[in-house]
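The values are calculated or read from the model by the stated rules, or taken from the named source; none is laboratory data. Predicted model, so just to flag it, every value in this text is computed and none were measured. Cβ atoms come from the backbone with ideal geometry, glycine included; neighbour counts cover every protein chain shown. These area figures cover heavy atoms from the full protein model, side chains too; ligands, DNA and RNA do not enter into them. Shrake-Rupley method; radii C 1.70, N 1.55, O 1.52, S 1.80 Å.
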Amino acid sequence: MRLITVAIHTYEYALGVKALLESEGVEVTLQNVNLEQPEVSSGVRVRIAEHNLPLALRILENQDIFKPATATSADAARPAHSIMVPTDFSGHAFAAACVAVRLAAAHGTDITFLHSYIGRNLPANIQLTDNLTYEVTELKGDEELHRSAEASMKALVHRLKAMMKSGELPVVKCRSMIVEGVPEDAIVDCARSEPPYLVVMGTRAYERKQREMIGSVAAEVLDESRFSVLTIPENLDAGDATSPRNILFLSNLDQDDILALDALYRYFPDASARVTIMNVAQRMRFSTGDRGRASLALADYCRRKFEHYTFETVPVSPSAAMQELDRMQAEEKFDLIVVPNRRKSAFSRLFNPGLAHKVVLESDRPMLVIPV
């Protein structure tokens, strides 16, 4: 077995490097630089097997990530805005986590994993006659829920770090939060206290949403959010979401479209994408001719503004917007659907949910929802 030197350090520092590499499964041999006079401290070689070189370099170049860190030091080094990834530790949540890691590496930020659990200690269920017994029993149950969540979170981060070490994923910093509460409320509350750069969420496949009535967490977050959300359906190739080439932009033909397109370009500046602009505004603000001219003017402006993208428009009747959207999704297989999203009142969301809400429940494509 051929040994090669990856670093030369003082004896104390070399011991630390040896401990770090061996904690990640890399066997290390230390050798004094001055073999003729080893008592003279001129440095220590850190030597490893040649086949372990790529892994060792990946670890050494990202020591702050693979080293166990205190919460204080991790928070101090964390960028002001990280990518938030809500997770329930399911398969589709893990797929979203992989997409988020690639995006975090591309944008020079880190990842915050968020898990929420619904505790048993709800005040509404406490009866005055058995208050003390209830509190002791339910406190024990909540502690078990929290410990279980911590174990699952640790396993998730460990799995991702193993993929980072092997080169399957780029190396980024990961932190985690576990809170008690309803998932959609916890996501919105945490995002308000620490505004994220982006929220990346996994969603179920369309058939499973219909069969199991699942998907409401993402839909509720979209209705409440004032931050950008990227939804990732299960069974998706991660490359489709991290470097989209065929994008559908659902336009309202107003100034907010410019803001949403600018946000899209910041998230994917080097995608060299084809963007199809489809006007889905329900209000009759334009005649048919005016709508066409406004769409063309928007596309012309975007061609000058966003140099890596190409743009085309699709004329759609307002009354048939959703049907046309379904048809185009089936034919084009877009890599990404972008929806400028206006927040509605609770009453409006109940009886007339927003477009983003509808699309996330009915589509199997990644969707970027941008608040306007």
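Mind checking which helices (runs of 4 or more DSSP H) fall wholly inside region 58-131 and carry at least 2 residues that are modelled with pLDDT of 70 or more, under 11 Å from the mean Cα position of the chain (by Cα) and within 19 Å of L169 (Cβ to Cβ)? Answer list for region 58-131: 91-107. Listed by first and then second residue, the pairs linking a residue in region 102-113 that is surrounded by 21 or more Cβ atoms within 10 Å (Cβ to Cβ) to a residue that is among the acidic types (D, E) and assigned to a loop (DSSP other than H, G, I, E, B), with Cβ atoms under 9 Å apart and 6 or more places separating them unless they lie on different chains, are A104/D110; T112/E194. Entry remark, region 181-232: residues being modelled with pLDDT under 80 and in a loop (DSSP other than H, G, I, E, B) number 6 in total. You will find that of V40, V46, the residue that is surrounded by 14 or more Cβ atoms within 10 Å (Cβ to Cβ) and either modelled with pLDDT of 85 or more or more than 35 Å from the chain's Cα centre (by Cα) (or both) is V46 and no other. In region 150-188, the qualifying residues are those that are among the β-branched types (V, I, T) and within 24 Å of H107 (Cβ to Cβ), and the one that is surrounded by the fewest Cβ atoms within 10 Å (Cβ to Cβ) is V157. Applying a threshold of 8 Å to beta carbon distances and a minimum spacing of six or more residues, or different chains, the list of pairs starting in region 1-21 at a residue that is open to solvent by 30 Å² or more (accessible area, probe 1.4 Å) and ending at one that is of a type in the set (F, W, Y) and assigned to a strand (DSSP E or B) is empty.
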